[in-house]
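The values are calculated or read from the model by the stated rules, or taken from the named source; none is laboratory data. As the structure is a computational prediction, the values presented were derived from the model and not from experiment. Positions of Cβ are generated from backbone atoms using ideal geometry, with glycine treated the same way; all protein chains shown enter the neighbour counts. Side chains included, ligands, DNA and RNA excluded: accessible areas come from the protein's heavy atoms. Shrake-Rupley method; radii C 1.70, N 1.55, O 1.52, S 1.80 Å.
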Amino acid sequence: MTTARNALPGTARAQLKRVIADAAKCTRCPLYANATQTVFGEGMPGAHIMLVGEQPGDKEDIAGRPFVGPAGKLLDRALVDAGIAREDTYVTNAVKHFKNEPRGKRRIHKKPNMAEIEQCRWWLEHEIRIVKPTLLVALGSTAARTLLGREARVQKERGRVETGADGLPVFITIHPSALVRIEDDAQRHAEYRRFVADMKAVRRWRMKTAA
Ligand code: URA
Ligand code: SF4
């Protein structure tokens, strides 16, 4: 795909490949030690919409790919239901290693701390520089804090587009894993519809701002 914003997609792809290889060896924070592998973002340079989650989960850590577990499946479905094309998106996380604590046979998800998020921003900034999205989508509070450079109350601020720390617009919404955890079917369906409505707003923004 050749666009005016990204006249040399081949070069950008090569740059991205190099960054992915570097990130595979990253030891900028302690999280690499307790995870299987670096889980980098996925998508093509020139994708208009960059979706940013928190960190890989158990499934992502094993697969080496972002958003392939339950939250990812829900996100995929919401993007389809909102009419957002896959090639329009680049999907990544604020933190690239799975932070976890072994508990018996399971590994329990732990929230990354400020220092870890700050160290891993290095990679996110490379992704933003190379992919050149026109809109960033913060999925949940960790991504919102990373992209906005301030604390965010995602339930209160969801649906808003704010200017991010690096000057790009940031659409704020919840994390899809919050939906996976809702046990009541009716409530989960209602919240899913709200999430799809957010993704439709993302689509409208993308149509408005980019050809
Ligand atoms: N949750 C995230 O934030 N990212 C993933 O890749 C998977 C689950
Ligand atoms: Fe590097 Fe990020 Fe992994 Fe920390 S979490 S080791 S900064 S890739």
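Here is a check on your reading of the model: is Val161 under 21 Å from Ile84 (Cα atoms) and surrounded by fewer than 18 Cβ atoms within 10 Å (Cβ to Cβ)?
Values: under 21 Å from Ile84 (Cα atoms): yes; surrounded by fewer than 18 Cβ atoms within 10 Å (Cβ to Cβ): yes.
Yes, satisfied.
Does any residue of the stretch 111-126 turn out to be part of a strand (DSSP E or B), within 30 Å of Ile62 (Cβ to Cβ) and of a type outside the set (Lys, Arg)? Outline the logic, then answer.
First pass over the stretch 111-126, keeping only residues part of a strand (DSSP E or B): none.
Taking every residue of the stretch 111-126 in turn, none turns out to be part of a strand (DSSP E or B), within 30 Å of Ile62 (Cβ to Cβ) and of a type outside the set (Lys, Arg).
Scan the stretch 173-193 for residues that are part of a helix (DSSP H, G or I) and in contact (Cβ under 8 Å) with a residue 24 or more places away in the chain and jot them down.
As a first pass, look at the stretch 173-193 and keep what is part of a helix (DSSP H, G or I): 176-180, 185-193.
If the condition is that a residue be part of a helix (DSSP H, G or I) and in contact (Cβ under 8 Å) with a residue 24 or more places away in the chain, then Pro176, Ser177, Ala178, Leu179, Val180, Tyr192 are the ones that fit.
Output the residues belonging to the stretch 131-146 that are part of a helix (DSSP H, G or I), open to solvent by less than 10 Å² (accessible area, probe 1.4 Å) and away from ligand 1 (no atom under 11 Å from the Cβ).
Val131, Ala144, Thr146
The conditions are (1) free of Cβ contacts under 8 Å to residues at least 60 places away in the same chain; (2) within 16 Å of ligand 2 (Cβ to nearest atom); (3) not in a helix (DSSP H, G or I), and Gln55 fails exactly one of them. Which is it?
The failed condition is (1).
Filter the stretch 26-52 down to the residues that are part of a loop (DSSP other than H, G, I, E, B) and away from ligand 2 (no atom under 16 Å from the Cβ) and list them by number. Quick ask: steps written out before the conclusion?
First, the residues of the stretch 26-52 that are part of a loop (DSSP other than H, G, I, E, B): 26-29, 35-41, 43-48.
Scanning the stretch 26-52 gives Gly43, Met44, Pro45, Gly46, Ala47, His48.
Checking the structure you have, find out if any residue of the stretch 147-157 is within 16 Å of ligand 1 (Cβ to nearest atom), in contact with a Ser or Thr (Cβ under 9 Å, 6 or more places away or on another chain), under 21 Å from Gly57 (Cβ atoms) and not in a loop (DSSP other than H, G, I, E, B).
So far as the stretch 147-157 goes, yes, one or more of its residues are within 16 Å of ligand 1 (Cβ to nearest atom), in contact with a Ser or Thr (Cβ under 9 Å, 6 or more places away or on another chain), under 21 Å from Gly57 (Cβ atoms) and not in a loop (DSSP other than H, G, I, E, B).
Being in contact with a strand residue (DSSP E or B) (Cβ under 9 Å, 6 or more places away or on another chain), among the hydrophobic types (A, V, I, L, M, F, W, C) and in contact (Cβ under 8 Å) with a residue 12 or more places away in the chain is the requirement here; does Val19 meet it?
Values: in contact with a strand residue (DSSP E or B) (Cβ under 9 Å, 6 or more places away or on another chain): no; among the hydrophobic types (A, V, I, L, M, F, W, C): yes; in contact (Cβ under 8 Å) with a residue 12 or more places away in the chain: yes.
Considered against the rule, which asks whether it is in contact with a strand residue (DSSP E or B) (Cβ under 9 Å, 6 or more places away or on another chain), among the hydrophobic types (A, V, I, L, M, F, W, C) and in contact (Cβ under 8 Å) with a residue 12 or more places away in the chain, Val19 comes out as no.
In the stretch 46-103, what residues are of a type in the set (Ser, Thr, Tyr) and either more than 9 Å from ligand 1 (Cβ to nearest atom) or surrounded by fewer than 16 Cβ atoms within 10 Å (Cβ to Cβ) (or both)?
Taking the stretch 46-103 and keeping what is of a type in the set (Ser, Thr, Tyr), we get 89-90, 92.
Thr89, Tyr90 - these are the residues of the stretch 46-103 that are of a type in the set (Ser, Thr, Tyr) and either more than 9 Å from ligand 1 (Cβ to nearest atom) or surrounded by fewer than 16 Cβ atoms within 10 Å (Cβ to Cβ) (or both).
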